[in-house]
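Structure first, commentary second.
The values are calculated or read from the model by the stated rules, or taken from the named source; none is laboratory data. Values in this document were obtained by computation on a predicted structure and should not be read as measured data. Ideal geometry is used to build each Cβ from the backbone, glycine not excepted, and the neighbour counts take in all protein chains shown. We work out accessible area using only protein heavy atoms, side chains counted, and drop any ligands, DNA or RNA first. Shrake-Rupley method; radii C 1.70, N 1.55, O 1.52, S 1.80 Å.
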Amino acid sequence: MRKLLMIVFVCITALAQAQLTSKEEVAPELAAKREVQKKEITNNYLALKNNLIASDSLAVITNAAALQNSLKNFRFKKLSLEQMNEATKTRKEIIALAAEVTTTKNINKQRRIFQSLSVKFWELAPKFKAADTELHLQMCPMTSAEWVSDSKEIKNPYYPKNMLTCGVVKASL
C-alpha cells in the first residue's frame, strides 16, 4: 500500500512539474502572439484614419475590412464576466461599423461612420493597445468629432483640406 501511495505521489508531482514547465515555455510565445494581434488592430485603425486624411475612399474600404478581420480574431483576457460581455459587445459594434464603411465609396459617409467607430475604438483602446504604442484621443473643437492617433500632432481626418491641424488632444494612453 505504501509503494502504491508513493508511486501515485511521484506521478502527481511529475505531472504538476510538467504542467508548470509547459506553461513557462508557452506563455511568452502566446504573449508575443497577442502583442502582434494588438499591433495589427491598432495599425489597421490608424491606416483607416490616415486614408481618411488622404481622402482615399478605396484604401479606406481596404483598411476597414482589415480592421474587421483583425478584430474578429482577437480574444479578451483577464476581464470579469461583466467586463468581458461589455468588451465583446463593443467589439461587435466596431466590427459592424467597419463593415458599414466598406459598403460605400463616398468619403463623407465613410467619415460619418468613422466618427462612431472612433468613439467605440477608444473605449477598448486600453485592451487593443500594444505595449510599445502610445495612443491619443483627439477632437475637432468645431464639431466635437473624435479620433485616435499615435501622434500628438493633429491631423484631422474629418476636414483634411480646410482644417487639417484643427484639434486638441483630450487624453492619452
Inset, instruction - Give me the pairs, please: first residue somewhere in region 142-162 and closer than 18 Å to Phe121 by Cβ and β-branched (Val, Ile, Thr), second residue anywhere and outside any loop (DSSP other than H, G, I, E, B) and open to solvent by 20 Å² or more (accessible area, probe 1.4 Å), beta-carbon distance under 8 Å, and either six or more positions apart or on two chains. - result: Val148/Trp122; Ile154/Val168; Ile154/Val169
Inset, instruction - Select from region 35-51 the residues that are surrounded by fewer than 19 Cβ atoms within 10 Å (Cβ to Cβ) and among the β-branched types (Val, Ile, Thr) and list them in ascending order. - result: Val36
Inset, instruction - Look through region 120-173, keep the residues that are of a type in the set (A, V, I, L, M) and in contact with an Asp or Glu (Cβ under 8 Å, 6 or more places away or on another chain), and return whichever of them is farthest from Asn44 (Cα to Cα). - result: Met139
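Taking the stated definitions as given, is Lys127 farther than 17 Å from Ala59 by Cβ, at pLDDT below 90 and outside any loop (DSSP other than H, G, I, E, B)?
Taking the combined requirement at face value, the residue satisfies it.
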Inset, instruction - Identify the residue in region 148-165 that is more than 21 Å from Gln37 (Cα to Cα) and open to solvent by less than 40 Å² (accessible area, probe 1.4 Å) and, among all such residues, is modelled with the lowest pLDDT. - result: Pro160
Inset, instruction - Using the structure shown, decide if Gln115 is touching a strand residue (DSSP E or B) at 6+ places or on another chain (Cβ under 6 Å) and either open to solvent by less than 70 Å² (accessible area, probe 1.4 Å) or of a type in the set (Gly, Ala, Ser) (or both). - result: yes
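Can you tell me which residues in region 72-89 are open to solvent by 50 Å² or more (accessible area, probe 1.4 Å) and small (Gly, Ala, Ser)?
Restricting attention to region 72-89, the residues satisfying the condition of being open to solvent by 50 Å² or more (accessible area, probe 1.4 Å) are 72-73, 75, 77-78, 80-86, 89.
The answer is Ser80, and nothing else.
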Inset, instruction - With the condition kept exactly as written, say whether any residue in region 90-102 is surrounded by 16 or more Cβ atoms within 10 Å (Cβ to Cβ), in contact with a Lys or Arg (Cβ under 7 Å, 6 or more places away or on another chain) and of a type in the set (Asp, Glu). - result: yes
Inset, instruction - Restrict the check to region 65-79 and report whether at least one residue is under 15 Å from Tyr45 (Cα atoms) and either touching a strand residue (DSSP E or B) at 6+ places or on another chain (Cβ under 6 Å) or basic (Lys, Arg) (or both). - result: yes
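Of a type in the set (S, T, N, Q), assigned to a helix (DSSP H, G or I), at pLDDT 95 or above and open to solvent by 60 Å² or more (accessible area, probe 1.4 Å): which single residue out of Asn69, Asn63 fits that description?
Among Asn69, Asn63, only Asn69 is of a type in the set (S, T, N, Q), assigned to a helix (DSSP H, G or I), at pLDDT 95 or above and open to solvent by 60 Å² or more (accessible area, probe 1.4 Å).
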Inset, instruction - Would you check which residues across region 118-141 are open to solvent by less than 60 Å² (accessible area, probe 1.4 Å), without any contact (Cβ under 8 Å) to a residue 40 or more places away in the chain and in contact with a helix residue (DSSP H, G or I) (Cβ under 6 Å, 6 or more places away or on another chain) and list them? - result: Lys120, Leu124, Leu137
